[in-house]
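These notes concern the structure reproduced below.
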Amino acid sequence: MFENILFFISSFLVLGGATMVVLSKNLMHACIFLLFTLFGVAGLYLTLGADFLAAAQLVVYAGGVVILMLFGIMLTGGTENKENRFGIEKIPGMGSVKTYIVAGVSILFIATVVLKIIANYMRHYQQTDLPEYMTTVERIGHSLLTDHILAFEISSILLLGALIGAAMIARPRKS
Amino acid sequence: MNNTIVSYLSQFEGHQKFLAVASEFLGFDVTALVGFVIFFTACFILVNVAAAIGGLGTYAERKISADIQMRQGPNRVGPYGLLQFLADGVKMILKEDVVPAQADKFLFNIAPLLALSGVFATLAVLPLSSGFILTDLNIGIFYLLGVGSVVGVAIFVGGYASNSKWSLLGGMRGASQIISYEVPVTMSIISIVLLSGGMSLVTVTESQGGLPHQWFILHNPFTFIGFFVMFIGTLAEANRAPFDLPEAESELVSGYHTEYTGMKFAFFALAEYAEVFVLCGIVSALYLGGYKVPMDLGNGVFFVENLGLPAVIGKNIGQLLQLGAFFTKTFLLYYVVIWIRWTLPRMRVDDLMTLCWKYLTPISLFNLIGCAIWVYFFENQSMWSVIFKAGAAGAGHH
Amino acid sequence: MVTLGSYLFLSFALFVAGLAVIIARKNIIAMLLGIELMLNAAALNFVAYTRFVNSNIDGHIMALFIIVIAAAEAAVGLAIVIRFFQLRESIHIDDAAQLQN
Amino acid sequence: MSSTNLDVFMPVIILIALAIIMFVGAIGVVGKLLRPHKPTPLKETPYECGEAPVGSAWSNFNVRFYVVSLIFIIFDVEGALMFPVAAVFKDFVAIGAGGVVLGSLLLFILILASGLVYCWKKGDLDWVKSFQLSEDQLKKLNEVEAR
């Protein structure tokens, strides 16, 4: 019962948030809607039994990436920066209403066909019953230290590279 | 197995009997429904307690500052001015809700809500006692970090949306301060997780004892330093003095909530005071033994076996003792937080960043490495048992 | 009853939303937001298949590294955007058409 | 129907719902009935200590804020990766494989600490760079102070 409620809340957040990210003209609003979408994805992880991933999603995205994005927006002139160097305002939205309608109909058509094909394969996958609410932390920890220890160490080098590279690029220069 | 308040209550016979009778009477299995009702009631009580603690926090702040500055403090409403916070609440709700004309209305309205829900969601894992914990998640402390960081977003968004220069400066400062101090706090928490071998707050608390020498603060020299790193970090995360730069009234008017009036301001303030309470609780659970009572009185076995009380009463007395221990430690820390605010001057913004990145972060990394080496070499014994064993071995040698 | 298909549909919707943002927006930061959405869609797929098809933990590890890479990508991407803004006073993708100056 | 028991997460949802109810109830319902609503243009200008505000507040900012948040996010991700490893460290020590784990953990931390050292050396952690006044500026400053 609660799984279904959580699933519906999360999927509502995901779908609504993603739609609003696409539609909102204000970059700040898009960023906040992205935050809601990420919350929704964290909720979906919970329903899938991935509690550690849900928390990691919250820590890295809600605390890190979204704040980074907000800072980035502020540093590049806030939301008022709509003009390019030719002085022409380019608001998103390409094509006309007709294009949207044709694209939507064709997407629906293709999606129906593809889903019909995939559905046959999907039927074989039954939901495996997890006996209890199981913690994934220990399993992830063991896995990170045995099978995936190389990936674990290399990710530190990736992060080091990202840190040095980004700090070097973004550093204010004397001019 | 996860402890929740529902699983704690369901161990009693009365609860089981009630479930059986109610199921028979209503004709369906009421376990899920009763679980929901218990959760809802507990959450409701906890939210109200947090709101009252937030309100009383403002009262305590004024009273203690008055005490320090040899003044009277609030003394008109109620006995000793205790009901001052209710009067403030009524005043807040009667205030006009002014939204600046240039502001971003949507973000302006949603920012206090983000802060409030971020702080309230952290209450779920607060280990009040071993039974009266709302829910003991396996990822407890990590979940708390994640949900708590929403407050940083809320402060930034609130500062941005007001479209006032003071607010924006305060919001930028607040967000960068909160995220900066999250690094030493995270590292200190990881060193505690290393020692306790689990991220759930009950696991962390249970691996300590009731007496001070069994607490993690005195477990080894690294955690002793780690406690102070963590405490300074939580002060900064909650925007408390000497780190209250986001709302520095002498330079930024009122910081990120300059433009907020009425209830929206009240919710920001409530979120701040409740966050101080939650963070103090977490520090006491991580380093000061949390709800542990000396001599294992907390599990109630003593009352049942030696005093001959029934199991229900004995266990609940134990829980109440644990609750008392937790709140005592937390409120002591809360008092220290307020005391620091009225003692130390505010830091400069560059000193703040220097303190975080050049002192606390290297120290906390060093602590983390030290704790890992300690766990490896001394197999997780505390320094007292290591010293004792070395002394016993030396005595035996001679 | 929640099935694998519903998760795949949500993941698909997220991916399409990210793609739409990347195609329709001219703002580089908005495009970064779109990339985040797409990475989340990929991670969601991994976790969903882990849950429904086999229950070993490798899918979770994969999703964890996707989160790591998304954070690193956002950091470097935004650094490039900020540098670009300092040079051109603009964050329009069309202004990034030249290699030098 | 799956038998996964997610009920332990129920309080989280309830608490967030309570926060929303409290917020909407106090601001949208009760407050709306009780509080006055008399907007004037002067009231709705941003507060700037009595001065009329000039321009919008949404303008460029010091890039140092970004560098700090950049270092933060790298360490945040590092924390997210290290939490599960830290949680199982004791198990590995108990079965006698602690040395390998300790080594990999130390390597992981030291690689990232070297990034911190790099930023420290390059001065990214200094909030305000000390700056030297030129001769002319010093002279002007002295004149101003003498006045």
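The numbers here are math on the coordinates, done by the rules we state, and not lab data. Computed from a predicted model, the values in this text were never measured in an experiment. Here Cβ is always computed from backbone atoms with ideal geometry, including for glycine, and neighbour counts include all displayed protein chains.
Treat the count of other C-beta atoms within 10 Å as a stand-in for reagent exposure and order D:F65, B:F302 from fewest to most.
With the sparsest Cβ surroundings first, the list reads B:F302, D:F65.
Based on the alpha-carbon set only, what is the convex hull volume of the stretch B:188-271 divided per residue, in Å³?
For the stretch B:188-271, the hull spanned by Cα atoms encloses 132 Å³ per residue.
So what are the stretch B:215-365's ellipsoid semi-axes, whole angstrom, largest first, if each one is the square root of 5 times an eigenvalue of the alpha-carbon gyration tensor?
Its equivalent ellipsoid spans semi-axes of 37, 21, 10 Å.
How big is D for the stretch B:94-249, in µm² s⁻¹ as a whole number, if Stokes-Einstein is applied with the Kirkwood radius of its Cα pairs at 20 °C and 1.002 mPa s?
For the chosen part, D equals 124 µm²/s.
Over the stretch A:135-175, what portion of Cα pair distances is larger than 14 Å, expressed as a whole percent?
That tail contains 62 percent of the Cα-Cα pairs.
Once the principal axes of the Cα atoms of the stretch A:1-80 are found, what is the range along each, listed largest first in whole angstroms?
Result, largest extent first: 46, 24, 12 Å.
Lysine pairs in chain B 8 or more apart or on different chains: how many have alpha carbons under 17 angstrom apart?
6
Can you compute log10 of I(q)/I(0) for the stretch B:98-393 with the Debye formula, treating each Cα as one identical point scatterer, at q = 0.11, 0.12, 0.15 Å⁻¹?
Taken in order of the listed q values, log10 I(q)/I(0) reads -0.69, -0.80, -1.13.
For chain B, what relative contact order do you get, as a whole percent, if you take Cα pairs closer than 8 Å and at least 6 residues apart?
In percent, rounded to a whole number, it is 20.
Would you mind estimating how fast chain C diffuses translationally, via Stokes-Einstein at 25 °C and 0.890 mPa s with the Kirkwood radius over Cα pairs, in µm²/s?
162 µm²/s
Summing +1 for each Lys or Arg and -1 for each Asp or Glu, what net charge is found among the other residues whose Cβ lies under 13 Å from the Cβ of B:Y335?
+2
Can you tell me the dipole magnitude for the stretch B:164-293 around its Cα centre, using point charges on the Cβ only (Lys, Arg +1; Asp, Glu -1), in Debye to the nearest 20?
That gives a dipole near 200 debye.
Please say if the protein assembly as shown is rounded, prolate or oblate, where rounded means a/c under 1.5 for a ≥ b ≥ c the square roots of the C-alpha gyration tensor eigenvalues, and otherwise the choice is prolate for a/b larger than b/c and oblate otherwise?
rounded
Pairs of Cα atoms under 8 Å, at least six residues apart: use those to get the relative contact order of chain C, whole percent.
For chain C, the relative contact order is 27 percent.
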